[in-house]
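The structure appears right after this line, and notes come after that.
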Amino acid sequence: MPSGSHPGSAALDEVALIDVEPLLAGGDGVDEVAAQIDRACRDLGFFRIVGHGVQPGLLTALDTAARAFFEQPDVDKERFTMLRAGSAWRGWFPVRGEITSGRPDRKEGLYVGIEHPPDHPRVVTGTPLHGANLFPPGDLGPATMAWIEALMPLAATLTRGIAVGLGLHAEWFDRHLTADPTVLFRIFHYPALPDNATAVEWGVGEHTDYGLLTLLAQDEAGGLEVRTPDGRWIAVPAEPGAIVCNIGDMLDRLTEGRYRSTPHRVRNTSGRSRLSFPFFYDPSWDATVTPLPLDGSPPADDAARRWDGASVHAWDGTYGEYLTAKVARVFPELFDTVTD
């Protein structure tokens, strides 16, 4: 298997752009695309994809419906607050209602996931993050679920490319970690900063994602930044048709740091509202993530440089336990309410 080390002093100035159409089509181009993804995961942990085959009309419909929802007064959106969903942790939260890196974020959002019926075993037992979505009447629910349905096979295909890049069988993730993937989705609205804003208030503070792979669609406002291995922050371009991908803590753990879950943050300085649509494709709820037997020595644990100071390699347990603990930190009051 390829070893490769993380280039901790690499002077990276841009996020790689990869045409993944050969990966979706299969055939001779798979190995080359897999190699490009592998290189991007080792260099920065972020890359952009085109040739993904997702119809642009799906994002247009989602964007339109989301803007209509967020334009409503908070008193109307409160009918769909996360408090009404209980342990499912689905629904709307207001600006500064989510905490990242210990500070409230200057964004509001809608938490969504795969629909689980009332008789689903984890719904019956009150397992966090399982249950029904809370959508307002109208187009937002159908547009959201159509987007999720389109991204699920794309995410699965990307994990096959990652597997090939690591020297594994293409179906390794399907067989060992994502037979029943944990799929979550967020719609985030970042209000424009006022003209007289002086304090630095982040739309999302510095953080890493928790699972395997994130697929992000964003509007043209921009504002997403990623930290390079040498400690600089660079902007991630916001361009029509490109989907931003980044790896999460579980892929970092799986590769013992050869792939890093890279810190990133958002500040909306565009002068107008910003929307983003992160889709999370993660291990099965009950999966345990055990490091792969890759060649070569892994890099040193980077816990001291991480936003939360915690090691993804020292932690032990199932992915569901890891995710629950992380989400509880960003919604502490909600967690206390649903666990009382």
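Remark: the Ala132-Thr269 segment gains 45.9 nm on full extension, using 0.36 nm per residue and subtracting the alpha carbon distance.
Please compute the contact order of the stretch 16-339 in relative form: average sequence separation of alpha-carbon pairs under 8 Å and at least six residues apart, divided by the residue count, as a percent.
Computed value for the stretch 16-339: 20 percent relative contact order.
Here the Karplus relation 6.51 cos²θ - 1.76 cosθ + 1.60, evaluated at θ = phi - 60°, turns the backbone of the stretch 235-243 into coupling constants of 6, 9, x, 9, 9, x, x, 8, 10 Hz, with x for every Gly and Pro. Length available on full extension from Leu83 to Arg96: 0.36 nm per residue minus the Cα-Cα distance, which gives 3.1 nm.
Please pull out the direction-averaged projected area of the chain, using the convex hull of its alpha-carbon atoms, in nm² to one decimal place. Mind dumping the intermediate values first?
Details: hull surface 67.1 nm².
So the Cα hull casts an average projection of 16.8 nm².
Using only side-chain charges placed at the Cβ, +1 for Lys and Arg and -1 for Asp and Glu, the dipole size of the chain relative to its Cα centre rounds to 580 debye. Of the peptides 47-56, 156-165, the order by per-residue mean of other Cβ atoms within 10 Å, starting with the highest, comes out as 156-165, 47-56. Listing Ser101, Ser87 from fewest to most neighbouring C-beta atoms within 10 Å gives Ser101, Ser87. A straight chain from Asp139 to Ala156 at 0.36 nm per residue would run longer than the Cα-Cα distance by 3.5 nm. Between Ala68 and Arg103, the modelled labels are 3.6 nm apart [label points 7 Å from Cα along Cα→Cβ]. Helix 140-165 and the long axis of the chain differ in direction by around 10°, with both axes built from C-alpha atoms.
Read-outs: derived from the displayed coordinates by stated rules, not from any lab. Since the structure is predicted, the reported quantities are computational estimates derived from the model, not experimental observations. Using ideal geometry, Cβ is built from the backbone for each residue, glycine included, and neighbour counts are taken over all protein chains shown.
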